[in-house]
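One structure is given below, encoded as structure tokens.
The values are calculated or read from the model by the stated rules, or taken from the named source; none is laboratory data. Owing to the predicted nature of the structure, the values given are computational and were not obtained by experimental measurement. Because the Cβ atoms are built from the backbone with ideal geometry, glycine has one as well, and the counts that use them run over all protein chains shown.
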Amino acid sequence: MTALAIDDDFRTTFVRDPAALRHYPALVLNADYRPLSYYPLSLWPWQEAVKAAFLDRVQIVATYDECVHSPTTTIRIPSVVVLKDYVKPQKQVAFTRFNLFLRDEFCCQYCGTRGDLTFDHVVPRSKGGVTSWENVVAACASCNLRKGSRSLRQSGMSLRRPPRRPGSEELRNVGRKFPPNYLHDSWADYLYWDAELEA
Ligand SMILES: [Zn+2]
């Protein structure tokens, strides 16, 4: 078994692509049995889940069939773990590129297309527009080009909805519209995807 380094803090940022997590990722649930995050889904590499179990910081609620061995013990690799101490969600959602795209559901806020997105300042920077939740939206390259440095009114374009700062619960619910490609069977009982809105 790999030597386990002991950290004081748990990871609260998660890899977006579960394939990047090597094999046997563990779904991490908060003490209320809800995932810490939907998008990216809160997953730990197995080493981290095993370490947390040894440190008695999590309870293992489901396992893979495969085992890991140390000189003294053998344990099944956890597939779902629950934190023993409840982690409070952050009050304010961080203003990051990813969170902004997530708020806008990865759609151009002018025409609704997905993919190849950039950011648009609704009030252009050249006209004093600031970089904030209220003034930046996801936009496709062609809408961005079309709008240029004109105001919304000058461009004759309209937004699908007025941009604003999302709440953390709200953003978490948006994440439920984007299930990852890989989901282990044992995770299904703890995840509630917003299937209705799936493309
Ligand atoms: Zn567009």
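Considering each residue of region 87-106 in turn, at least one proves to be away from the ligand (no atom under 16 Å from the Cβ), surrounded by 13 or more Cβ atoms within 10 Å (Cβ to Cβ), within 19 Å of Pro166 (Cα to Cα) and of a type in the set (Val, Ile, Thr). Going through (1) surrounded by fewer than 17 Cβ atoms within 10 Å (Cβ to Cβ); (2) more than 16 Å from the ligand (Cβ to nearest atom) one by one, Phe119 falls short only on (2). Under the condition of being outside any loop (DSSP other than H, G, I, E, B), at pLDDT 95 or above and within 18 Å of Thr96 (Cβ to Cβ), which residue from region 129-185 is nearest to the ligand (Cβ to nearest atom)? So, considering only residues that are outside any loop (DSSP other than H, G, I, E, B), at pLDDT 95 or above and within 18 Å of Thr96 (Cβ to Cβ), the one nearest to the ligand (Cβ to nearest atom) is Ala139.
Within the bounds of region 65-84, is there any residue that is at pLDDT 90 or above, in a loop (DSSP other than H, G, I, E, B), more than 19 Å from the chain's Cα centre (by Cα) and loosely packed, with under 13 Cβ neighbours inside 10 Å? There is at least one residue in region 65-84 that is at pLDDT 90 or above, in a loop (DSSP other than H, G, I, E, B), more than 19 Å from the chain's Cα centre (by Cα) and loosely packed, with under 13 Cβ neighbours inside 10 Å.
Residues satisfying the criterion are present in region 84-96 (criterion: over 30 Å from Val50 (Cβ atoms) and among the hydrophobic types (A, V, I, L, M, F, W, C)).
Pull up region 85-128, narrow it to residues that are part of a loop (DSSP other than H, G, I, E, B) and aliphatic (A, V, I, L, M), then point me to the one that is nearest to Glu66 (Cα to Cα).
As a first pass, look at region 85-128 and keep what is part of a loop (DSSP other than H, G, I, E, B): 85-96, 104-106, 108-113, 115-116, 122-124, 128.
Checking the rest, the ones that are also aliphatic (A, V, I, L, M) come to 87, 93-94, 122-123.
On the way: Val87: 29, Val93: 37, Ala94: 38, Val122: 52, Val123: 55 Å.
Filtering first and then ranking leaves Val87.
A search for C-beta distances below 7 Å between a residue of region 177-199 that is farther than 17 Å from Ser37 by Cα and any residue that is part of a loop (DSSP other than H, G, I, E, B) and modelled with pLDDT of 85 or more, counting only pairs 6+ apart in sequence or on different chains, returns Leu197/Lys177; Glu198/Lys177.
Looking only at region 142-158, decide whether some residue is closer than 28 Å to Asp194 by Cα and over 24 Å from the mean Cα position of the chain (by Cα). Yes, there is a match, as at least one residue in region 142-158 is closer than 28 Å to Asp194 by Cα and over 24 Å from the mean Cα position of the chain (by Cα).
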